[in-house]
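The values are calculated or read from the model by the stated rules, or taken from the named source; none is laboratory data. Being a predicted model, the structure only gives us computed values, none of them experimental. All Cβ positions, even for glycine, are placed from backbone atoms using ideal geometry, and neighbour counts span all protein chains on display.
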Amino acid sequence: MTREEIIAEINAELAEEFEIDESAITPDAPIYQTLELDSLSLVDLIGIVQTKYGVLISKAELPNIKTFAQLYDYIEQHQK
Amino acid sequence: MNDVLIIGSGLGGLECGALLAKRGLKVLVLEGSNQPGGCMQSFRRGGLHYDTGLHYVGGLAPGQTMHNAFAELGLLDLPWQRMDEDFDHVIIGGRHFAFHQGYDAFVEGLGKDFPHQREALQSYANRLRNITFADMDVCAYDYLSQTFTDELLLNVVSAAAMKTELRRETLPLFNFAHTCSSYIESSWRLKGHGNQLVNKLVGTIEEAGGKVLTHSKVVSLTEKEGRIESATCANGHVYEAEFFISDIHPATLCTLLEGCPSVRKAFRRRMTMAENTCGMFTAQLCIKRGALRYFAHNVFIYDKPNVWTMTEENNPVKGVMISARVPEDGSDCLRQLDLLTPMPWHECSAWTQTTVGRRGEDYKKFCQRKAEQCIAMAEQYIPGLHEMVEQCYTSTPLTYRDYLGSPEGGAFGMRKDCRASLLSFHSVSTTLPNLLLTGQSIMLPGIEGVTMTAFETCSKITQDKARH
């Protein structure tokens, strides 16, 4: 998948699953605040990325993903 | 109003109920079926009680893993009987091995059979005693392969772990170790039926003014201002509480939360898409009077050293656990013997649309054939067993699904995956601050795992109460 395809797909998916307006998702927006994630629902984000792309975000790498752009980068680099 | 409402009365639900009732909280437990206990319940056939999931418990002696927990729950008062010093026997390909109680005796015993692996056995025993949460990310099979160069020994040490789902790719060392370690400390059987455990916990709840209601299947939960406010039962009754604990399968809980705005689709999807563990087939035998002397150890028999791959190729049966019931009449001879073997859900595919008592003749024949295979395997240890059987009652994953509400009849709850521990191990907390989880799907299965989880669940409530 191209980066553009990933962005379109994951944005729609996250908006649907976390029940927010898709327009709130921009590359530089902070993931935690935008998706209203806490330490418990953060796991749901990891679950979606794994189910959709087979990409598992490890515990060690989790703190480095703070914006949507960083999430797109991670999926693009690790997708199978 | 109740302080705590618990949905489901399996071991975890009742343990939470008893712990919180003893701490002075008003507890209400709602059970959908006609009797409490879940996997701990017994059923009566031909004048004898048969257990569903209780076979033996580890670590009950003072200073050991389960002693303080069972003491606090009042369960140490039950008639536990210590098993033989050689508590688990393993037969693989006709060769006989034994696990001894106490880590030193365990290493010494197997060290005689595998002198070239004595250091590895010592290292293994040390590791079992020092398991940490970091071992959720360690693959049990990889760890064992790196520790033991002798493949037969790897299979031997894993053989008694039939009480969890042995799966090479996924089983975390954390789970494998908790399945094995407390039994090495010491192993115990309950004299009499498992309902004693259930009755004791129910009694503790009721003595403190709490209630356990059967025929009270919760069908929905209502949220108000970010908290669960009430539970509605199929019979129309509505119950309010300050805290709610779910002791049902998380996927089933999600169906109760459909009208709750704080529970987003992402959470429901994660819980409903998670894989379940395999089920078990059990042949529960009533043995003719005086035909078989009681033995205070378990026996695990495998055709060949394929302990870790057998589950998926177990048709016909290639491995069986034999568990004897302590005689209750003072006799030297036993009346009841359980034979267990893993049974994946796909073996039930022909009958998934059927209900209890209406599965047809082909199902009966299937169960009879499987029971005969189990008995034939068990004859490696008990020659002539077939002739000793007076009655045989069978259960399959369908039984677990229909009586206990376990999706796909999974015997050990939701599968844990060392490659994705963040996703497969669950917090007892949820995004709703007054809704907590407990039971075998959350962290660890088995009596030890469920009890540890119940303590964790209750600590969240007592911490919250202390803060406010």
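Here is the figure for the stretch B:16-40: residues that are part of a loop (DSSP other than H, G, I, E, B) and crowded, with 24+ Cβ neighbours inside 10 Å total 3. Taking the stated definitions as given, is B:Glu456 closer than 27 Å to B:Leu20 by Cα, over 17 Å from the mean Cα position of the chain (by Cα), at pLDDT 95 or above and acidic (Asp, Glu)? Criteria met by B:Glu456. Taking the conditions (1) within 10 Å of the chain's Cα centre (by Cα); (2) within 9 Å of chain B (Cβ to nearest Cβ) in turn, A:Tyr72 satisfies each one other than (2).
Of all residues in the stretch B:153-207, those being outside any helix (DSSP H, G or I) and without any contact (Cβ under 8 Å) to a residue 60 or more places away in the chain number 0.
Checked against (1) in contact (Cβ under 8 Å) with a residue 60 or more places away in the chain; (2) buried (at least 18 other Cβ atoms within 10 Å of the Cβ); (3) not assigned by TED's automatic domain parsing to the domain that holds B:Ala231, B:Gln391 passes all but a single condition, namely (2).
Note on the stretch B:58-132: enclosed strands (runs of 3 or more DSSP E) holding 1 or more residues that are under 30 Å from B:Glu151 (Cα atoms) are B:86-92, B:95-100. Restricting to the stretch A:36-57, name every residue that is under 20 Å from B:Arg419 (Cβ atoms) and loosely packed, with under 14 Cβ neighbours inside 10 Å. Selection gives A:Gly54 alone.
Of the residues examined, B:Glu242 is one that is acidic (Asp, Glu), touching a residue at least 12 places away in the same chain (Cβ under 8 Å) and either more than 14 Å from chain A (Cβ to nearest Cβ) or in a strand (DSSP E or B) (or both). Only one of the numbered conditions (1) touching a Ser or Thr at 6+ places or on another chain (Cβ under 8 Å); (2) in contact (Cβ under 8 Å) with a residue 12 or more places away in the chain is not met by A:Leu40, and that is (2).
In contact (Cβ under 8 Å) with a residue 12 or more places away in the chain, away from every other protein chain (no Cβ under 14 Å), among the β-branched types (Val, Ile, Thr) and touching a strand residue (DSSP E or B) at 6+ places or on another chain (Cβ under 8 Å) - does that describe any residue in the stretch B:353-365? Scanning the stretch B:353-365, I find no residue that is in contact (Cβ under 8 Å) with a residue 12 or more places away in the chain, away from every other protein chain (no Cβ under 14 Å), among the β-branched types (Val, Ile, Thr) and touching a strand residue (DSSP E or B) at 6+ places or on another chain (Cβ under 8 Å), so the answer is no.
Among the residues of this structure, B:Arg358 does not count as one that is among the basic types (Lys, Arg) and part of a helix (DSSP H, G or I).
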